[in-house]
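The values are calculated or read from the model by the stated rules, or taken from the named source; none is laboratory data. These figures come from a predicted structure and were not determined experimentally. For neighbour counting, all protein chains shown are included, and Cβ atoms are generated from backbone atoms with ideal geometry for every residue, glycine included.
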Amino acid sequence: MLPWRQLLLSGPAWACGIAVIGSQWADATLMLGVTKYLKLVYGFSIEYDDVLASLPHIGHFFAALTFGIVVDHVRQSGLLSTTTARKLFVYISHFLPAALMFVLGYTGCDPAAPAALYTAALALTGATPAGAFASAADIAPNFAGTVFGLCQTVGAAGLLAANYAVSEGLHGSFAGWWRLVFGVSSAVLLITATFFMTMGSGSVQDWNAPGDLPPELEPIEEEPSRLDSVPE
């Protein structure tokens, strides 16, 4: 039986969900906003759209694979504990993109600079599977699907909020408004990452083991009735 009360009161479980909110917010801001920002503010030529639409995502894909290999290596070699490794990769997937996104709004007149920052930031968010997502499986291997589903459900709030925030800035070419959009996204990344640094964990939680459930929730095995052994 799934221990819902322990799950919903679990700090590490909520830390995963909060971290995913930041990751989803950043991804939505980067993927939906930056190309429009380059067109409206910099007049970026449409002939480069294919490059901007593919290169950052290719970088994100290979970065996610690389971060996954690296985190497994550092854990198996004993260089870092599981908890420290997860927090390190949440730092990479949140703090570094936050810095790049903040700078993105102050890059001057050359469109190549924000395009490069966009590619680098989206690649760094590829560390999310090695950090927050993997932590969901670490803390409760027996209920990993449920914890992961909780993270994705909570994270969807960040995706929807970012869609609204970015859509409000898509209609204008005023650089100051876009700086606000990127600044808010950076702040969300920093706040959600700090929450994970404080509450996140890579250790299996007590409520993961069925034997640790309260006695009233443990299944009762029925003893065979003596009448079953009486011959007819």
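The table below gives the values:
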quantity: Extreme residue, surrounded by the most Cβ atoms within 10 Å (Cβ to Cβ), among residues of the stretch 66-106 that are charged (D, E, K, R) and within 17 Å of the chain's Cα centre (by Cα); calculated: ARG86
quantity: Matching residues, the stretch 190-204, being among the hydroxyl-bearing types (Ser, Thr, Tyr), touching a residue at least 40 places away in the same chain (Cβ under 8 Å) and buried (at least 16 other Cβ atoms within 10 Å of the Cβ); calculated: THR192, SER201
quantity: Condition met for GLN6 (more than 16 Å from GLY202 (Cβ to Cβ) and surrounded by fewer than 23 Cβ atoms within 10 Å (Cβ to Cβ)); calculated: yes
quantity: Meets criteria (touching a helix residue (DSSP H, G or I) at 6+ places or on another chain (Cβ under 6 Å), in contact (Cβ under 8 Å) with a residue 60 or more places away in the chain and either of a type outside the set (A, V, I, L, M, F, W, C) or exposed (fewer than 15 other Cβ atoms within 10 Å of the Cβ) (or both)) for TYR118; calculated: yes
quantity: Subset of the stretch 1-46 (residues that are under 22 Å from GLY145 (Cα atoms), in contact with a Ser or Thr (Cβ under 8 Å, 6 or more places away or on another chain) and at pLDDT below 80); calculated: LEU2
quantity: Cβ pairs under 8 Å, 6+ apart, first in the stretch 154-181 and within 20 Å of LEU104 (Cα to Cα) and in a loop (DSSP other than H, G, I, E, B), second modelled with pLDDT under 85 and small (Gly, Ala, Ser); calculated: LEU170/GLY33
quantity: Tally, over the stretch 73-86, of residues that are out of contact with any Lys or Arg (no Cβ under 7 Å at 6 or more places or on another chain) and under 20 Å from PHE195 (Cβ atoms); calculated: 4
quantity: Condition met for LEU150 (closer than 25 Å to PRO111 by Cβ, surrounded by 15 or more Cβ atoms within 10 Å (Cβ to Cβ) and among the hydrophobic types (A, V, I, L, M, F, W, C)); calculated: no
quantity: Condition broken by PHE89, with the remaining ones in (1) outside any helix (DSSP H, G or I); (2) within 25 Å of MET199 (Cβ to Cβ) satisfied; calculated: (1)
